Amino acid sequence: MPDLPDLPADASGPTGDTAGPAARSARRDSDKPENESERRRRRAQFLRELAEARALRARVQPRRAKAARLRHAMRMRTFRW
């Protein structure tokens, strides 16, 4: 495939960044302590992605998602306040 650009040997993805999010955050933590707003922003992003993943799983596996919804409803009904 001569039309593709030459990539370095360690480039694994489109950005060429082989380190995962944990490694990137470890580098950032060594530079300076994170502030509260940055932590809240990252947490909100994580929760958005988690909700998106759950919605995708519910669409892909509707029977399992329905059973999980029913189990959750049963737990909530039997929970004593």
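The values are calculated or read from the model by the stated rules, or taken from the named source; none is laboratory data. Predicted model, so just to flag it, every value in this text is computed and none were measured. Please note: Cβ atoms are built from the backbone with ideal geometry, for glycine as well, and neighbour counts cover all protein chains shown.
For residue 13, all conditions in the list (1) part of a helix (DSSP H, G or I); (2) at pLDDT below 90 hold save one; what is the number of the exception?
All conditions are met except number (1).
Restricting to region 68-81, give me the number of residues that are at pLDDT below 90 and either assigned to a loop (DSSP other than H, G, I, E, B) or surrounded by 10 or more Cβ atoms within 10 Å (Cβ to Cβ) (or both).
5
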